[in-house]
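Trainee: The structure that follows is given in the form of structure tokens.
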Amino acid sequence: MSEKVTKLIEDVKALTVLELSELVKALEEEFGVSAAAPVAAAAAPVAAAAAVVEEKTEFDVVLKAVGPNKINVIKVVREVTGLGLKEAKELVDNAPKTVKEAAPKADADAIKTKLTEAGAEVELK
């Protein structure tokens, strides 16, 4: 770094916050630029990335109510979970109960459709 740049940095470090604010405004007016534009441009990709991260990709399939066709619901629960007859019956008897945790959206929708067609009331969380 040149001596001029080093001295300028030292001078800027010595300024108060109010003086720095005045310096920024004066530089913006002198050179016809805005210090806010690069900050806004940098913040936009971060906000977009945050929106992408917040989109939920995994869902819990919760059996809320069995409905009138308990046997059909038990069959679907066995098919979806791989549980034995006794375990599937216990799960259905103890509704509301989570049938599948952290299932991808497509799988969760398919499970919900199967259980709904069997007569159960299902919720995705």
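Trainee: Considering only the range 1-19, state which residues are part of a loop (DSSP other than H, G, I, E, B) and either in contact (Cβ under 8 Å) with a residue 24 or more places away in the chain or in contact with a Leu (Cβ under 8 Å, 6 or more places away or on another chain) (or both). Break it down into steps so the answer makes sense when it comes.
Mentor: Restricting attention to the range 1-19, the residues satisfying the condition of being part of a loop (DSSP other than H, G, I, E, B) are 1-2, 15-16.
Matches in the range 1-19: 15 only.
Trainee: Right, another one. List, please: which pairs have Cβ atoms under 7 Å, are six or more places apart or on different chains, and start with a residue in the range 73-95 that is within 11 Å of residue 63 (Cβ to Cβ) and end with one that is among the charged types (D, E, K, R) and assigned to a helix (DSSP H, G or I)?
Mentor: Within 7 Å, the pairs are 74/89; 76/114; 80/114; 88/78; 92/70.
Trainee: While we're looking at this one, here's another question. In this structure, does residue 73 turn out to be among the aliphatic types (A, V, I, L, M), part of a helix (DSSP H, G or I) and either at positive phi or at pLDDT below 85 (or both)? Spell out how you get there, then give the answer.
Mentor: Numbers: among the aliphatic types (A, V, I, L, M): yes; part of a helix (DSSP H, G or I): yes; either at positive phi or at pLDDT below 85 (or both): no.
Spelling it out, it is not the case that residue 73 is among the aliphatic types (A, V, I, L, M), part of a helix (DSSP H, G or I) and either at positive phi or at pLDDT below 85 (or both).
Trainee: Then there's this: Only residues that are more than 16 Å from residue 27 (Cβ to Cβ) and surrounded by fewer than 10 Cβ atoms within 10 Å (Cβ to Cβ): list them for the range 5-16, please.
Mentor: Just the residues of the range 5-16 that are more than 16 Å from residue 27 (Cβ to Cβ), to begin with: 6-7, 10, 13-14, 16.
Across the range 5-16, the qualifying residues are 10, 13, 14, 16.
Trainee: Let me ask something else about it. Are any of the residues in the range 100-110 on the phi < 0 side of the Ramachandran plot, in a loop (DSSP other than H, G, I, E, B), open to solvent by less than 60 Å² (accessible area, probe 1.4 Å) and at pLDDT 90 or above? Show your work before the answer.
Mentor: Pass one, the range 100-110, residues on the phi < 0 side of the Ramachandran plot: 100-101, 103-110.
If we keep only those that are in a loop (DSSP other than H, G, I, E, B) too, we end up with none.
No, the range 100-110 contains no residue that is on the phi < 0 side of the Ramachandran plot, in a loop (DSSP other than H, G, I, E, B), open to solvent by less than 60 Å² (accessible area, probe 1.4 Å) and at pLDDT 90 or above.
Trainee: Scan the range 13-27 for residues that are under 41 Å from the mean Cα position of the chain (by Cα) and hydrophobic (A, V, I, L, M, F, W, C) and jot them down.
Mentor: 17, 18, 20, 23, 24, 27
Trainee: Looking only at the range 52-61, decide whether some residue is crowded, with 17+ Cβ neighbours inside 10 Å, out of contact with any Phe, Trp or Tyr (no Cβ under 8 Å at 6 or more places or on another chain) and at pLDDT 80 or above.
Mentor: The first filter runs over the range 52-61 and keeps only residues crowded, with 17+ Cβ neighbours inside 10 Å, leaving 59, 61.
If we keep only those that are out of contact with any Phe, Trp or Tyr (no Cβ under 8 Å at 6 or more places or on another chain) too, we end up with 59, 61.
From what is left, the residues that are at pLDDT 80 or above are 59, 61.
Yes, the range 52-61 contains at least one residue that is crowded, with 17+ Cβ neighbours inside 10 Å, out of contact with any Phe, Trp or Tyr (no Cβ under 8 Å at 6 or more places or on another chain) and at pLDDT 80 or above.
The values are calculated or read from the model by the stated rules, or taken from the named source; none is laboratory data. Note that the structure is a prediction, hence the values are computed from the model and not measured. Positions of Cβ are generated from backbone atoms using ideal geometry, with glycine treated the same way; all protein chains shown enter the neighbour counts. Remember, those area values only see protein heavy atoms, side chains included, never the ligands or the DNA or RNA. Shrake-Rupley method; radii C 1.70, N 1.55, O 1.52, S 1.80 Å.
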